[in-house]
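No value in this document is a laboratory result; all are computed from the given coordinates. Predicted, not measured: the structure shown is a model, and the values here were computed from it. Here the Cβ positions follow ideal geometry from the backbone for every residue, glycine too, while neighbour counts run over all protein chains shown.
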């Protein structure tokens with residue numbers, strides 16, 4: 001039995017991960033912005049077999065509330081074993097290019113809020129010398145592209161932060177997993193044309209659970225995105241800047 005905190009619990013991928021955790025009879029704390037969606041999900045998880053389901057409201061950019069959320073989840077579940085951070089927004093690149101305010105808002109949500117949570121969680125887990133922290137980053141952070149470099153730069157920062165955290169906490173038996181999804185068919189990507197590279201939230205959730213169980217450091221999901229990104233990173237900058245990506 002695990003005591004699990006899911007931050008951004010009502011996102012499509014997080015919901016599917018939560019359902020799989022519930023079926024294993026775990027204790028779960030759900031954190032998200034929408035109280036109605038949290039209640040619906042909590043009821044669903046209870047029916048699926050979760051021993052305990054608690055919930056709390058979470059606003060990414062309300063940094064002062066982050067310590068309270070972690071303390072509340074810890075006290076409600078009697079401790080924490082695993083944390084999944086799975087929230088974010090898909091920046092409108094064109095809007096960001098024309099607005100410093102919009103760019104900073106996206107960076108605050110997709111980068112700074114996550115670094116805030118990671119700092120707090122790392123210190124708590126370091127004291128107990130155990131635990132798993134899994135975070136949704138993105139393949140978009142592997143190389144800057146003109147189509148989404150604001151979003152990609154935020155994810156790149158998260159990935160680098162997680163690398164350093166993994167190095168720092170390796171001697172404390174703490175598992176840090178960076179999750180790098182490719183294209184996933186979720187409400188956030190509803191306007192995109194879908195193709196054979198797209199995955200479902202259900203399939204991505206299964207790989208996340210397996211990655212946590214196997215204590216993977218970096219999880220590309222689906223798996224073929226690792227090879228795709230190796231190819232994309234291999235292009236010399238003088239050629240890559242001419243590509244329409």
Considering only 186, 207, 82, give the residue with the highest GNM mean-square fluctuation for the chain, with springs between Cα atoms whenever their separation is below 10 Å. 186
Taking a ≥ b ≥ c as the square roots of the Cα gyration tensor eigenvalues, with a/c under 1.5 meaning rounded and otherwise prolate when a/b beats b/c, else oblate, which class fits the range 1-71? prolate
Cα long-axis angle, helix 35-48 against the chain (0 to 90 degrees, to the nearest 10): 60 degrees
At q = 0.14 Å⁻¹, what is the base-10 log of I(q)/I(0) for the range 102-245 according to the Debye formula with one equal point scatterer per Cα and no solvent? Please give it to two decimals. -0.73
Does anything in the range 76-95 have its amide N under 20 Å from the 7 Å Cα→Cβ label point of residue 129, and if so which residues? 79-82
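Once the piece of chain linking residue 46 and residue 203 is laid out straight, how much longer is it, given 0.36 nm per residue of separation minus the C-alpha distance between them?
On the way: separation 157, 0.36 × 157 = 56.52 nm, distance 2.18 nm.
Length difference between fully extended and current span is 54.3 nm.
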With just the Cα atoms defining each centre, how far is the range 149-190 from the range 1-29? Give it in Å. 18 Å
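Could you tell me the relative contact order of the range 3-240? Use alpha-carbon pairs under 8 Å, at least six residues apart, and round to a whole percent.
Dividing the mean separation by the residue count of the range 3-240 yields 18 percent.
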Residues of the range 218-245 with backbone N under 20 Å of the label point set 7 Å from the Cα of residue 196 along Cα→Cβ are 221-232
Nearest 10, in degrees from 0 to 90: the angle of helix 201-213 to the longest Cα principal axis of the chain is 70 degrees
Folded to 0 to 90 degrees: helix 66-77 orientation relative to the chain principal axis, Cα: 40 degrees
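According to the square roots a ≥ b ≥ c of the eigenvalues of the Cα gyration tensor, what is the shape class of the range 50-165, taking rounded for a/c under 1.5, prolate for a/b larger than b/c otherwise, and oblate for the remainder? Could you put the intermediate results ahead of the total?
Numbers: a/c = 2.46, a/b = 1.85, b/c = 1.33.
Prolate, because a/c is 1.5 or more and a/b exceeds b/c.
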What shape does the chain take by its C-alpha gyration tensor, where a ≥ b ≥ c are the square roots of the eigenvalues and a/c under 1.5 counts as rounded, a/b above b/c as prolate, and the rest as oblate? prolate
Residue 61 paired with residue 94, simple spin-label distance in nm, labels 7 Å along Cα-to-beta-carbon: 2.2 nm
Tally the DSSP beta bridges in the chain and give the antiparallel ones as a percent, rounded to 5. 0 percent
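With N set to the residue count of the range 190-245, report its C-alpha Rg divided by 2.2 N^0.38 Å to two decimal places. Before the final figure, lay out the partial values.
Working: Rg = 14.7 Å, N = 56, 2.2 N^0.38 = 10.2 Å.
Rounded to two decimals, the normalised Rg is 1.44.
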